[in-house]
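To start, the structure under review is shown below, and the notes come after it.
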Amino acid sequence: MENNLTEIANQIDTIIRHERLWFDFTVFHYDGRKLIIAGSDDLTYYHQLEVIFEDVFFFSGYFDGWKSETQEPVFILPDAETALALNIEYEIVEGYHLFIFKTEDYRNDVIIAAGNVSFNTDTVLYYFREDLQENQRLAHFVKRKER
């Protein structure tokens, strides 16, 4: 399982850092067990990445969003020593995996403890559009125009 998580984390980090100078993030949705972090280079109109955490135990972050520079890794799994220290500091129950988003505009990084992580690279639009292309969808809060 750990190798698979490392591979998924590396894939997510590669998407974030691909030909960009920065990437912005925000908490897009949380339902009590599933947390979706949206990421984009333009969160005004859409997002291009959803990092989906399932069985969330712990979140330490910023609901107003954060920015990350992409010259260094942004989405990481902590090394064993750091993970142990964070597990003790935040009283994280055994069996959860730690994930870290490195932040540019805050001193503290975003830390999430969850059972699993996955991602989606659809473009999610924050405005109504009828002619959606493949791999595009409207955000859950966008209302369809009445005819």
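Laboratory data are not the source of any read-out in this text; all were calculated from the coordinates shown. Since the structure is predicted, the reported quantities are computational estimates derived from the model, not experimental observations. A quick note on method: Cβ atoms are made from the backbone with ideal geometry, for glycine too, and the neighbour counts reach across all protein chains shown.
Numbers for the structure displayed
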read-out	value
Order of Leu86, Leu132 under a 10 Å beta carbon neighbour criterion, fewest first	Leu132, Leu86
Nearest 10 degrees, 0 to 90: helix 80-90 Cα axis against the chain principal axis	80 degrees
Positive-end extreme of charge dipole, the chain - chosen from Val117, Phe75, Ala38 (charges on Cβ)	Ala38
Cβ-derived FRET efficiency at R0 30 Å, Thr44 paired with Asp79, nearest 0.05	0.25
Potential lengthening between Glu72 and Arg144 on full extension [0.36 nm per residue; Cα-Cα distance subtracted]	21.9 nm
Relative contact order %, the stretch 63-147, counting alpha carbon pairs below 8 Å whose residues are six or more apart	22 percent
For the stretch 1-59: rounded, prolate or oblate by the Cα gyration tensor [a/c cutoff 1.5]	oblate
Relative frequency of Cα-Cα separations exceeding 15 Å in the stretch 107-147, percent	59 percent
Relative contact order of the stretch 2-135, defined on C-alpha pairs under 8 angstrom at six or more residues apart (%)	28 percent
Protection proxy ranking of 55-63, 43-51 - average other beta-carbon atoms within 10 Å, highest first	43-51, 55-63
In degrees, nearest ten, helix 2-17 long axis to first principal axis of the chain (Cα)	50 degrees
Hypothetical label at Asp55: residues of the stretch 62-104 whose amide nitrogen lies under 16 Å (7 Å Cα-Cβ projection)	92-99
Value of D in µm² per second that Stokes-Einstein yields for the chain, Kirkwood Rh from Cα pairs, at 37 °C (0.692 mPa s)	205 µm²/s
Ordering of 92-98, 71-77, 139-145 by packing [mean C-beta count within 10 Å, highest first]	71-77, 92-98, 139-145
Test item: Cα-centred dipole of the stretch 2-135, Lys/Arg +1 and Asp/Glu -1 on Cβ, debye	160 debye
